[in-house]
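So the structure is just underneath, and the comments pick up after that.
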Amino acid sequence: MTKLLLSLHVLAAVLAVGPVTVAASMFPQALRRAHSAPDDPEALAALRTLHRICRVYAGIGIAVPLFGFATAGSLDVLGNGWVITSIVLTAAAAAVLGLLILPAQDSALNTARSLGPSPAARLAMLTGVFNLLWATVTVLMIVRPGSTTGA
């Protein structure tokens, strides 16, 4: 059962978090393009598509910590420091995505054709923080400080 849970956890991470990190990373550049060519319908369509990918896969991404908790419970490692750190970093990444990136993308979509300042730089920074948090969690999952496997 543990191997099944671990497989589902890893698959959920790859299939849910991967698309969000890519789409969120592409959004600032697409936003710059939309601001520089406000009459280009393709630029706005690209923004909408990237935002939809972020929203949908963020929802699907809830499976990652659910399978993670189940896996950690079956391995009896829920109290280990690396697992607790991963949980905290995952919660921080979810907060950055849900409370900062997605609302900023919504706002950017509403003002994509305006002549005001573009929030692309702020979105790029937030996305970088989100990606760094996930990269750190991934490394913790691989390195697992105190692991008895030696891997």
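The values are calculated or read from the model by the stated rules, or taken from the named source; none is laboratory data. Keep in mind the model is a prediction, meaning the values are calculated, not measured. With ideal geometry, Cβ positions are generated from the backbone for all residues, glycine too; neighbour counts draw on all protein chains shown. For accessibility, only protein heavy atoms count, side chains too; no ligands or nucleic acids. Shrake-Rupley method; radii C 1.70, N 1.55, O 1.52, S 1.80 Å.
Residues in the range 106-146 that are farther than 22 Å from ARG48 by Cβ, open to solvent by less than 40 Å² (accessible area, probe 1.4 Å) and of a type in the set (Gly, Ala, Ser): GLY128 only. Condition (residue is without any contact (Cβ under 8 Å) to a residue 60 or more places away in the chain and within 23 Å of GLY59 (Cα to Cα)) applied to the range 25-38: is it met by at least one residue? Checking the range 25-38: at least one residue is without any contact (Cβ under 8 Å) to a residue 60 or more places away in the chain and within 23 Å of GLY59 (Cα to Cα).
Candidates in the range 71-93 are the residues that are of a type outside the set (A, V, I, L, M, F, W, C), part of a helix (DSSP H, G or I) and in contact with a Gly (Cβ under 9 Å, 6 or more places away or on another chain); of these, the one that is farthest from LEU4 (Cα to Cα) is GLY81. Scanning the range 45-96 for residues that are under 17 Å from the mean Cα position of the chain (by Cα), of a type in the set (Gly, Ala, Ser) and surrounded by fewer than 14 Cβ atoms within 10 Å (Cβ to Cβ) returns GLY59, ALA91, ALA95. For the range 1-39, a residue qualifies if it is open to solvent by less than 50 Å² (accessible area, probe 1.4 Å) and over 26 Å from VAL139 (Cβ atoms), and the qualifying residues are ALA30, LEU31, ALA34, HIS35, ALA37, PRO38.
Contact map, the range 85-103: residues that are more than 21 Å from ARG52 (Cβ to Cβ) paired with residues that are small (Gly, Ala, Ser) and surrounded by fewer than 20 Cβ atoms within 10 Å (Cβ to Cβ), Cβ distance under 7 Å, separation 6+ or inter-chain. No pairs are found. Listed by first and then second residue, the pairs linking a residue in the range 107-122 that is touching a residue at least 24 places away in the same chain (Cβ under 8 Å) to a residue that is surrounded by fewer than 14 Cβ atoms within 10 Å (Cβ to Cβ) and small (Gly, Ala, Ser), with Cβ atoms under 9 Å apart and 6 or more places separating them unless they lie on different chains, are SER118/SER36; PRO119/SER107.
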